[in-house]
Every structure is written in C-alpha cells, then in structure tokens.
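First the structure, in the form of structure tokens, and then the observations on it.
The values are calculated or read from the model by the stated rules, or taken from the named source; none is laboratory data. The shown structure was predicted, so the numbers you read here are calculated from the model rather than taken from an experiment. Virtual Cβ from ideal backbone geometry, glycine too; neighbours counted across all protein chains shown. Surface areas here come from the heavy atoms of the whole protein model, side chains and all, with no ligands, DNA or RNA. Shrake-Rupley method; radii C 1.70, N 1.55, O 1.52, S 1.80 Å.
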Number of protein chains: 4
Amino acid sequence: MTDLFWPGDQRAGTLMSDRAFLAAMVAVEQAWLDALIGAGIAPASARADLGGHLADGDLEAIARGADVDGNPVSGLVALLRGRTEQPTAQWLHRGLTSQDVVDTALMLCIRDALARIREELADQARTLSRLAETHRATPMLARTLTQAALPSTAGVKVARWLVAVLDAAETLAELRLPVQAGGAAGTLAAAVELSGSVEGAIRLSDSLAVTLRLEPSPPWHTTRSAVTRIGDALATCCDAWGHIAADVATGSRPEIGELAESGGGGSSTMPHKNNPVRSVLIRRTAMTAGPLAATLHTASAMSVDERSDGAWHTEWATMRTLARRTVVAASHATDLLAGLQIDAARARANLAAADGVMSEQQTMAGLTGRAPIPGYLGAAEQLIDSALQRAKHYLKDTP
Amino acid sequence: MTDLFWPGDQRAGTLMSDRAFLAAMVAVEQAWLDALIGAGIAPASARADLGGHLADGDLEAIARGADVDGNPVSGLVALLRGRTEQPTAQWLHRGLTSQDVVDTALMLCIRDALARIREELADQARTLSRLAETHRATPMLARTLTQAALPSTAGVKVARWLVAVLDAAETLAELRLPVQAGGAAGTLAAAVELSGSVEGAIRLSDSLAVTLRLEPSPPWHTTRSAVTRIGDALATCCDAWGHIAADVATGSRPEIGELAESGGGGSSTMPHKNNPVRSVLIRRTAMTAGPLAATLHTASAMSVDERSDGAWHTEWATMRTLARRTVVAASHATDLLAGLQIDAARARANLAAADGVMSEQQTMAGLTGRAPIPGYLGAAEQLIDSALQRAKHYLKDTP
Amino acid sequence: MTDLFWPGDQRAGTLMSDRAFLAAMVAVEQAWLDALIGAGIAPASARADLGGHLADGDLEAIARGADVDGNPVSGLVALLRGRTEQPTAQWLHRGLTSQDVVDTALMLCIRDALARIREELADQARTLSRLAETHRATPMLARTLTQAALPSTAGVKVARWLVAVLDAAETLAELRLPVQAGGAAGTLAAAVELSGSVEGAIRLSDSLAVTLRLEPSPPWHTTRSAVTRIGDALATCCDAWGHIAADVATGSRPEIGELAESGGGGSSTMPHKNNPVRSVLIRRTAMTAGPLAATLHTASAMSVDERSDGAWHTEWATMRTLARRTVVAASHATDLLAGLQIDAARARANLAAADGVMSEQQTMAGLTGRAPIPGYLGAAEQLIDSALQRAKHYLKDTP
Amino acid sequence: MTDLFWPGDQRAGTLMSDRAFLAAMVAVEQAWLDALIGAGIAPASARADLGGHLADGDLEAIARGADVDGNPVSGLVALLRGRTEQPTAQWLHRGLTSQDVVDTALMLCIRDALARIREELADQARTLSRLAETHRATPMLARTLTQAALPSTAGVKVARWLVAVLDAAETLAELRLPVQAGGAAGTLAAAVELSGSVEGAIRLSDSLAVTLRLEPSPPWHTTRSAVTRIGDALATCCDAWGHIAADVATGSRPEIGELAESGGGGSSTMPHKNNPVRSVLIRRTAMTAGPLAATLHTASAMSVDERSDGAWHTEWATMRTLARRTVVAASHATDLLAGLQIDAARARANLAAADGVMSEQQTMAGLTGRAPIPGYLGAAEQLIDSALQRAKHYLKDTP
C-alpha cells in the first residue's frame, strides 16, 4: 500500500487501513459472539475463531458488498455465515446492527492511531525539553507581523512549541472511545430479546466494551460528539506541528538562516538545495486537517432519525484520512525536531542587525527612571522553566 | 443593530458586538492601569476612569484606525492618551501589546456568550427531561436510513436529544479562558522592566486575570489551542441542535406529522402553511458552524513568529460570528423545544402502518425459543432513565 | 456601521448591508408591481413608490419579522401592505414568493459588489503592468520551498501576480446573475393565474429581469449553481491577493528586505516597526474565503424539495460576508500594489549572496557544450510580455 | 485496491490511483525526452521507452523517495537514470523541475476522471430527459420548507434535477487543463539554455502540451486557479447529485413513498428494509466535496515564492480524493436514476391529502375575477420543455 499523492503516508503503516478496519470488525463480531456464549445465550458449541475464516482476498468481495449495502458489515456477516458451521453461523452478529460493528471497529482503529500519536508527542516533548534547555540563553530575535520586534531567545521559541505540543497532548488525553452496541434502532431490543432482560442486554454491551477495552456507553448512533471530538483533537495536534513547521520553514530561509532541518530534501534539478521537507510536508497536513474536522461536525449536525442517511457514512473515510495524516505528521514532526539545527551565530547576528528592537525598553526605562535591565529578555527564563515543568509532569504520566 | 441576512441575530443582543468588544478592550486597559497603580509602578495620580472618556461616536474612528494599524488597539490607545491627563496618558497600556488587549478582550466577550449558551442549554435540559418523562411510553417508529426499522418511543428519541445537549454542555464546561499579557514579544519584557522583576511582571499578569476573572496563563500569542477549543465546543453545540432540528423538520413533514413546532412561520403567499421555522434556522446555523471552527484551526496551524502575519487576525470575526450564531441557535433551540408538539396518535398510526418492523424480533425469538417480549422496546426505559439521571446531575451543578 | 472584528470593513461601504438588501428587496417588489401594471394585470391605480413608504427604523421590525417567518420578506410585504392604499396593497407581491424576492435582491446586491471588485481588479492590472515594466530587468532571486533556486527578476514575479489577478477577473466575467420569479413552488403558478397564460407569466418574469438588469431564467429555487459559482469566483479573487500578500509579507521580512508596503501600520508599543498591514489583512481574508465558498457548496448539496429546509437560509449571510470581505481585500490589494516599494539593491544583494543558484546552468551547459547564457533568466522577458499583453487586452474591454 | 471506508470506491477503478499517477509522470518524462530529441537537443540515441524500465514494485521505492524529497519525481528520475543507458540517462528530465512533472501528470489524471464524469453526466441527462417526458403529467405535491405548498408534477421535479446536471456539465466544460513546463523557477531557464533560444524553449513546452493533449500555458507554479477551478467544478457536480439524492431519500420515506431506488441495500438484521443506498452514499459524498474544494482554495491562497512551502503539496491528495469521489458519486447517480421508481398513485394520493394547497390559487382568482385554471400547474409543461431542450442541445455536442 503506497500513496504517491501523500508523501510519507507509509509512516502510518497499517493504521486505519482496510486490513486493520476489517480485522477490527472481525474482532467486534468475535467479542460479541463470545459475549453471547459467555452469557449462555448462544451455546458453547457456537464458539469459533472468526478471523480464521477470512483471507486477504476477501477484502474485494466485502468492498463490493459495501457498495450494495452501503456499509461493509452485511457482506462480512454473510461471508462469515457462509464459512462457519452451525450453530456459529446462526448466532454470530445476533443483536448487533451494522452501525454497531462499524462504529466500534472504528474506535478500535482510532485507539491504535492515538497510541502512536501519543508516543510521538512524548518523544517530541522530550526533544523539545532538551532543546529548550540547550538554547535557554541563545539570543534570537522575536518577530511580530514578520518584522523585528524585541530580543528574545531560541529557548523561549522552543518552549512555546513545547507548550503547543503539550496542549495537543492534553486534548488527546480527554478523548473517550465508546463502544457501540445498540442494535437496529439503538434500543438494544434484540439484545434484550436474546438475553431475556434489559440487564442482560446491558451486560452484553458492557462485556463488549470490556473485552475490547473501550468505554461502556449507551448507544450513540446519531449523537456523534465522540467522533467530532476525535477529529477536533487530531486537528489540534496538526495545528501545533503546523505552527512549528511555519517557524522552521521561515527560520530556514537562507536570508534568516537561524534554523535548518538536518538532511532536508534534495531537488530534481538543483543539487545545492537543502529544502525543509519535513516542515513543508507538515504544513501541507496542517492545511487539510481543519476542513476534515469540519466535515465531521457537518456530518454530526446532519444526524437524523435513528441512523443517518449519509451523515454517518461521511465519517469513516474522513476519520481514516485525518487520523493517518495526523500520524504521518506526528512522525514528521518527531524527525524534524530530532534533527533541528539552531544556528546561534546567525541568530545573534540577525538580532544585532535588527533596527529599533531596544526602543520599547528605552520608553519603559524613561518611565521608571531606572537603568535598563541588560538584554531586555523579560521572563524568558521563567517561561522556559514553566514549559519544562509542564513537560516533566506530562512525561511522568506517559509511559 | 440588525442582520437581515441572519434572521434571529437580534437574539444575541450586544454579545460579541463592536460595542461589547470596545468595552472589553477598555476594561482590559483599565484593569492593567489599575494593576500598574496597585503595584506602585504607576503613581496613584494616574488613576482614571478610562471608559468615561469614550463616546459611541468613537467606534468609527477606532475602526478607521484599525484599518491603518491592522487592529483596533493602537487607535484606541491613541484616543485615550489624547483625552486623559498626565500621568494617566503616559502610563496607560504600558507593558501591554495590542494582541494582549485584543485576546483578553475577546476572552471576556466569549465568556459572556458562553454564559448565555449555558443558560439555554440548562433550559433545554429541563425541557427535554420533562418531554422524555411525558413521552416515556409514547410509541414511535424508529427509522434508519429513512426507512422503518423497529418500534421505539418518543421518549427514547427525546432522551437522545438530551444526551446530545449534555455532551455539548460538557464540552463547554472544559473550556478555559486565559488572560493574555505577554507584551510585545510574549516575554513580558516591558512588564519586567516596569516592575523591576520577573515576579513583579507575573504578578501584573495574574492581577489582570484575577480582576477580569480569567485564567492566569503564560503568553499564548502563537499557541492558539484556547481559541480552537472554543470554536470546537461552539460547533459541538450547533451539531447537537442541528440533529434535533433535522429530526423535527423530518417529523413535521405532513406525511409523517409526528412532531410540530408551535407557532411556526407563515408564508408570504400560502396562508395554510405552518413552517418549522426554528428547525430551518437551526439547520442553517449547523451548516455553517463546522467551517467556521475549521477556519480557527487553519489560523492556528498557520501561526508563525511571535505574532502571526494574518492567522491571528483571522480569528476575531470568525469567533464573533460563530459565537453569535451559537447564541442565536441556542435561543432558537430553547424555543423549539419549549413549544414542541408530539402527536402521539400520528406516531402510533405510523408505527402501526410500518411494514416488517417486528421481523427482527421474530428472528430473535426463533433463536431463543421464548415468546416475544411485547412491544420489542428493548432498554427504552433505561435509556431514558440514564439520560434523565445525567441531566439531573448536570442541572444540579448548574445555577 | 463599523466592524472592529474585521479591520477595513468600512471599505465595503454599504455594499451587501442590511440597508442595501432592504432597498434591493423593495426594488424587486417595485419592479414586479410595475410589471403587473404594465401587463394590465393590476390596475394603473395600483402604481406607487414603494420605497417612499419605508423609513430607516423599519429595519428592526423587519428583522424581528424575519426571525418569526424565517426570512425578511413576509414582514416587509405586511409592512408595505399596511402603509399603501388600495389597490396597491392588494396587488403588490402577488405572484411572487419570499424566495423570489430574497434571491433576486441578493443578485442585485452581489452585482454591486462585483462591479466594485472589477474596478479594483482593473486598477490592480494597471498598477501591476506598470510595475512589471519598471522592474523588467531588476534582478531578484527565485525561491522554491523557501530556499534559493535560480536568478530571476522582480518583473517576472510581478507578472505572475498580474496573471493571478487576470485569472480571477476571468472567473468573475463568467458569472451570470439570474432573476428569480418562480412563485411558491417554482412553477409560476400564481403568475400564470394572474396573467391568464403561461406566456404572460414568463413575460412577467422576463420583465422583472429586464427592469433589474438581471439574466432571465427559469426558477432556480433548489438548483443553486449560480450561487456557488459566485462564491467560487470570489474565493478565486481572494486566492490571487493571498498569493501576492504572502510574497509581500515574505519579501518585507527585514532579513530579505526586497519588498515593502508604503505606510505600513505602526505598533502600539514599538514605534520603529513598519508592519506589512495590507498583506496581513489580505492573508486574513484569504484564510477565510475558501471555507465560506465551501459552505455555499454544502448548502447547494443539501437542497431538497421545492424550497430547502435550511440550505437556502445558509446562503444569505455567507454570500454577504464573502462578498464584503472580497471587496475589502480588493481595496487592500489595490492600496498595497499602489504603494509597493521594490528595493532593487537589496534584491540584487540577496541574489549575489545566494549559494549555488548557477549550478543548474552549469549542468545544462555541460550537456550542450555551449557557453552559458549570461544571467540564466530564461524566458523572463517573454513571460512579462505575455502577461502585459493579456492585461492590455483585458483592460481594453474593461471600462 | 479497495477502500472499505468509502463504499463504492472501486467504481473509480484506477482513475487517480498511484499507478495512474506514476504512469502519467512517466508519460510526461517520455514526452519531454521525445521533445528534446525532436528538437535536436538530445541525440536520437537517447530515445528510449521509459515506461518499459519500470515495474509495479517500484511504487514502494518511489513512495519512500517522495517522503525524503517531498515529492515523487526525484526518486522516479533517479530510478530511471539508474536503469537506462547513456545518453538516455543524462538527458531525461533535463529542463524540467519536479513540479512540472507532478502538475502535468495530475492534469493527465484529472482529464481521465473528467472524461468519465462527462460520460456519466450525459447518461444521466438522457435518463432524466426520458423520466421528465414520462412523468410530464404525473401529479406530485410541491413541498417548501418540508410543508405542502402547491400542486406540481413529477416531471417538473425531474426537469429541475436535469437542469442541475446540465449546470454541472457546463462548469466542467469550461475547465482548462494546462501543461506545466517552467523549469526550476518557472522561467524556462534550463530549457532556454538547452535549446539555445527562448523560442526553442517555448516550443519544447508547447510540444509537451501537444503530445499530451493539454493546453499550452506559461508556467503556473504558484498561480493555481486551474486547480481551484477543477475542484470547484467537481464540487458543483457533487452538489447536483446531492440535491437529487436528498429528494430521493425524502421521497422514499415510507410515509411519503413517491420515490424508490430499485434494488436498495439490505440490512444486516432487518430483512424487510429497502434502503435508498445510492442516495445515502451520494449524500455522503456531497457532504465532503465542499471542504475538499475549499482546501484547494486555501492552498492556492497560501502560494508563495516560486514554489510554495506546503500549499502545492496540499493539492495532490485533495484533488485525487475529490476526483475519485466525484467519479464514484457520478456512477451512483447514474445507477440511481436508471432504476428510479416513481409511484404515481402514491404521489397523487399525497397531493390529494395535502391541506390548503389550492388556497393561493383562490387568492389569485379572487384578484382576477376569472375562474381558476384547472390544476394550478402554472408553467410546468414549459419548464420541462425548456430543460429537455437544453439537454438535447447538450447531448448533441457530447459524443
């Protein structure tokens, strides 16, 4: 699986791939079948290893079926029923509806993507902490609206990136990944019928959650904030890296020359170039994340009835694309930061060459009547310390 | 102030209006001046009531100045300096930068909008709780992909709306509204210079937060997750109401006739019509909220340097529009729910006329060998109870 | 009317304002009444100057009515009927539906905005032509992926901006602004009834188009490509200026220093700064235009029935905001270009300092065996000429 | 290649696939090499069949290279140079830059997608023409804001869909697909160097266009309206089908029952259901198209320098996804229309049951004093005829 249209895509490996999605759907059916058996609803003889009945080539048949039925579950269930013996065949999927399987499977896929993103964020937090410490006192011009503003330090800039990364990590930490097992109309009617009681039905749903390590939840077939929050959090990650990439792309302009990616990309015709490729590819991601998250909101807002007539279907590929891209950008950002070169000499020279950057201080000193504080760096040190402290706290809680 | 292009706009009153924004900016300057005086940095004789020096007509001059300077603060400060005596004139705004004033003022404006939205959400939670209780046993067809699915109840549908409203309220509850007081380069350099110490500068910033009842915060000039999270939460609210409105618009189709707005809008040429106007206007809002939230993400992702060259400026009107629209939609949703009519007879008739809605139960009963449970309503009651319980908990914590 | 949240808003004056919208709606009602009279359907005694019956204060009442009815027309018609004598009162609006009035009025408002944008584009094309000519031979570094690429000229860069402006102008030129007069269900039923014949009804609709200088059209209540095309064209304009602004913001970084806005904005605390405010404000617009155009597409795609249940209402404010912002950005771009300073010395110095920019030429010369062509400027002259030629052609056709 | 996340994806076959993209890039390199040889710049002995040197397995290596270099061209060229003999190896790609190859290849891929979409649109226009004729006199209720409005006919509704399809086709017809061959900085410097003259360089570029059947064009590396217009046109197609799908999804609600898809999708648990799957999947597409088109606008607006630092890279996958989805939706729409069932009896019954739909006519008749025209269908026939006429004209020009 390659994606020539999205360089770096392979960094996301099989996360949110068709194969992963199929495996997750099978895991949902398996866990549900096991729950039915465990509850004494289906006979023990129905126990079967569902995944063992599938082969790679099934993807195409399931995809064709999805085009007919509007989702891949009917085809998958038909295929499994055709390949398993009785009583497995008659019991599998009983009590579930297609949306239960798709939604729960997507939460499983998303969980894997989030785990990967969290690892990258922790890696970045470590690298940024080190960089902030190292460049705590490296003078660097602060620029506002593209123009020279005041003296600052590279450490402050890096600490700000660190804060952005920690903010993004915090947003991820708040996400909840609910199980979906409401049956055809979100009332657990079939599960109640099968188990003979409401409590039994809820136990089935909770058991599915426990087995799959998702959060127990009432059905959410048309209340989609769990999905939009995932999208918003992923976009927030991409925003953070977008900001870093914009700074690096700017700082690596040869006329500025304060920052450089190590091992930037070459040119097909200009051998001298050291392009900030990681930054460029991250910026690309950052330009597409917001609209993808917005698409999830629009879908959520168009929810209707007990299963939506298009809004639900909008989510799958949107989440897939947004999650894979976030993983790829996470990896790009980790690499970018790991190899980032800060040219202290150029930074010092640019600062020295900047016009008027001490004029504000003169105004202030004029007001206070005191001699100007050397450097005019304000609370630079404390801002760095505060970011480092927050990172330390975050990393302590992150394996 | 009217907005013929956005019917209902007046429901947002002066929230996020130019006047409110100006008042908030003046409040920021006032609180900062007071903090300077309180810290013994500016002399007591600098104390002044800044708001008293402004008149309505100033808005136009400040707007013209904003076009020249790129934001309204330079003009406002110049105007205040021209109208106040010394030493007030020379002390006001010292230590702040334009972005400090705009960002903090926007947080004040947003707080007022959020307070109003929270009131509406609480009102809706109360109405929905009552409706869910009243229609706990009202039979209603569950529909999936537009087609008849299973029997359900109006109470379950209403409880699902309630859950969506509570989800939205939860997202709002997580928001933090930080103060911004980093000075020209986000290093508090001027404040340190003025106060003579880093601690003094941080005390000034914290004092601003306390006076304005915002959260103390390190500067966030180019780390904008506070802004994107507000946008995401507002969109989540609009999504929840969009879902309700889609259900009501559908249910009030005359061929379905299960739901109706009270006092729907008339037609300019067809006197017989009872249009679901609240639903229509909410759906309108819901279609625009996602892209507005996405614009905030794009802006955040394009952050660069110590103040962004356009990304920051993108936020102001986007937040204003999104916040006002959310307030208007909140009010529309409150009215919609307060007047919602549920026609139990039509709902019962539609359910009775639906083909095949008991067929799933027959399959299940065939598997269990037990007699079908009358009604096939599954956990309908418990889903309602769970939503009611959550609402009760929420309302207890909400004044 | 000011907009502190969108500096520069006043440049759009009353274009697409509530007042302009109301005046346009009245113009539609007037033209329709006149058509009814002209066709002998309404009596000559029904003739009246509708606008004369309205006052500024009516806006608020109409806005309140729009909130009740979902659009401003019912309230406007009721108000006019209450203030005019018979037979005027009973004849006005007969045969029209609210959407006819709103859609046609919006086309009138859009026409005025487009006219203004076209003037600005022509102005820009003239300025850019002059700049391209002046800087035809000014050496300037070509940069790709932020890095030094090859030698080029300022003239080529300016010519590329010119091409972008002409592309945008071309998109505008293709727009059509249709009249809407389909009656309640888009079948002209009432107009046929009133005129006694289909031909008579179509004549009424065409007459409305002629009077208002719009394009005759079959009803388009739920086929909205006319609207989305307007949005797409406006976004295309903003894209063109966004590209120019990005180049100017970059080129005016002090370390590059090749470009500068004249009279850039000042800072509230740093007097030395010359911020590229026009560029910043244009970039802001450019970040918001795409999502607004997308909102129009989403609305179009959600069209349903013979009048949509929210999608239509989504368009009004979206078009208003997009059109006003495009006008403002047009004006900013005109100013930016009129005052643009190109520092030929800095450009030459940056080029001279760039590493490796002749390496590609050496490779090529190695292949051909010929001596390198001095300057390695390729077809720079011809690219400029081609853009100038296209501008000349465009300006000849533009008054 | 399957896409379980986007049911129906296989309908787009290899259009815009990695393989198609790679083949197109090779076609560009081939045509350019041939042009160099044809112009006598490269020796005849450099002639080679480049495609013959590539195998399927190369995709992965090229994808890895794209991650390093930021685009797939450097890797492709290196691979081809490694596999071809001299003098082929040293001549291929000379004068081009990566963006030339990617942009031109994307235009080739897009052309194939557009051709397929045009076929589908023509097919739809034929089906809709037939349906409009067949149901010219089938009574059907016109609905506005979800409520009963006036009598109309199924033919008018179908004719309106036809107009939407023709509008979309018109937008496609205006697209131009330009060649890109500007070299490293968009000045054709290398091509001038190689050919020895500006005219020679332009001949090379034009020759590339002719061979590949694209439009000759000056370089457009950072003026991207050609790309945004493609995105806008594709979204316009999706809008048209979205509107049709919304009408069909609504009309196939069992309580309305006027429309039905033939062979709708089944349910995994409810055998009685006939879901409007085509409509649902089209609505899904329609919700995602606008934001994708907007992403292209944002990218265009963020263009900078002589090659953009992320904006360009944003386009590739965005165009791919939008184009493939449009092809899939085109195919879904063709199927939907081919199998559409219009239940004239239900339509007649719904109309008869609708309250008040003749009240407007009574008002009109009261004004004219004439007897009401039977049916109150207005210009229904003429609207159908006008649409049919337009379709005929379009189909005559479409093979």
The one condition in (1) at pLDDT 95 or above; (2) at negative phi; (3) open to solvent by less than 60 Å² (accessible area, probe 1.4 Å) that D:Thr2 fails to fulfil: (1)
Test result for C:Ala169, more than 8 Å from chain D (Cβ to nearest Cβ), within 30 Å of D:Met302 (Cα to Cα) and modelled with pLDDT of 95 or more: yes
Residues of segment B:175-205 classified as surrounded by fewer than 22 Cβ atoms within 10 Å (Cβ to Cβ) and more than 7 Å from chain A (Cβ to nearest Cβ), total: 8
Cβ-Cβ under 6 Å pairs, at least 6 apart or on other chains, segment B:21-44 side surrounded by fewer than 18 Cβ atoms within 10 Å (Cβ to Cβ), far side outside any helix (DSSP H, G or I) and not aliphatic (A, V, I, L, M): B:Pro43/B:Pro87
So B:Ala299, is it in contact (Cβ under 8 Å) with a residue 12 or more places away in the chain, closer than 20 Å to B:Gln99 by Cα and either within 9 Å of chain C (Cβ to nearest Cβ) or open to solvent by less than 10 Å² (accessible area, probe 1.4 Å) (or both): yes
Some residue of segment A:304-322 being modelled with pLDDT under 95, open to solvent by 10 Å² or more (accessible area, probe 1.4 Å) and not in a helix (DSSP H, G or I): no
Residue that is farthest from D:Ala333 (Cα to Cα) [pool: residues in segment A:59-81 that are open to solvent by 10 Å² or more (accessible area, probe 1.4 Å) and more than 10 Å from chain D (Cβ to nearest Cβ)]: A:Arg81
Filter result (within 9 Å of another protein chain (Cβ to nearest Cβ) and of a type in the set (A, V, I, L, M, F, W, C)) within segment A:380-399: A:Ala380, A:Leu383, A:Ala387
Qualifying positions in segment A:324-362 - touching a helix residue (DSSP H, G or I) at 6+ places or on another chain (Cβ under 8 Å), part of a helix (DSSP H, G or I), farther than 30 Å from A:Ala113 by Cβ and not small (Gly, Ala, Ser): A:Glu360, A:Gln361
Cross-chain or 6+ apart pairs with Cβ under 9 Å, segment A:214-231 first and facing another protein chain (nearest Cβ under 9 Å), then surrounded by fewer than 24 Cβ atoms within 10 Å (Cβ to Cβ) and among the basic types (Lys, Arg): A:Ala226/A:Arg176; A:Arg229/A:Arg176
Pair list, Cβ under 7 Å, 6 or more apart: segment B:352-374 residue closer than 21 Å to D:Gly257 by Cα, other residue exposed (fewer than 14 other Cβ atoms within 10 Å of the Cβ): B:Ser359/D:Pro271
Search result, residues across segment C:110-156 that are open to solvent by 10 Å² or more (accessible area, probe 1.4 Å), touching a helix residue (DSSP H, G or I) at 6+ places or on another chain (Cβ under 8 Å) and of a type in the set (A, V, I, L, M, F, W, C): C:Leu131, C:Ala137, C:Leu145
Residue match in segment D:239-250 (condition: crowded, with 24+ Cβ neighbours inside 10 Å, among the hydroxyl-bearing types (Ser, Thr, Tyr) and touching a Ser or Thr at 6+ places or on another chain (Cβ under 8 Å)): no
Residue identified as under 16 Å from the mean Cα position of the chain (by Cα), farther than 15 Å from B:Val304 by Cβ and open to solvent by 20 Å² or more (accessible area, probe 1.4 Å) among A:Arg229, A:Arg213, A:Arg278, A:Arg284: A:Arg229
Top-ranked residue of segment D:88-109 - restricted to ones that are among the aliphatic types (A, V, I, L, M) and surrounded by fewer than 24 Cβ atoms within 10 Å (Cβ to Cβ), ranked as nearest to the chain's Cα centre (by Cα): D:Leu108
Segment C:357-379, residues that are open to solvent by less than 30 Å² (accessible area, probe 1.4 Å), within 21 Å of D:Ser98 (Cβ to Cβ), facing another protein chain (nearest Cβ under 7 Å) and not aromatic (Phe, Trp, Tyr): C:Ser359, C:Glu360, C:Gln361, C:Met364, C:Gly378, C:Ala379
Residue within segment C:214-223 that is assigned to a helix (DSSP H, G or I) and either touching a Lys or Arg at 6+ places or on another chain (Cβ under 9 Å) or aliphatic (A, V, I, L, M) (or both) present: no
Residues being of a type in the set (Val, Ile, Thr) and out of contact with any strand residue (DSSP E or B) (no Cβ under 9 Å at 6 or more places or on another chain) - total across segment A:44-73: 2
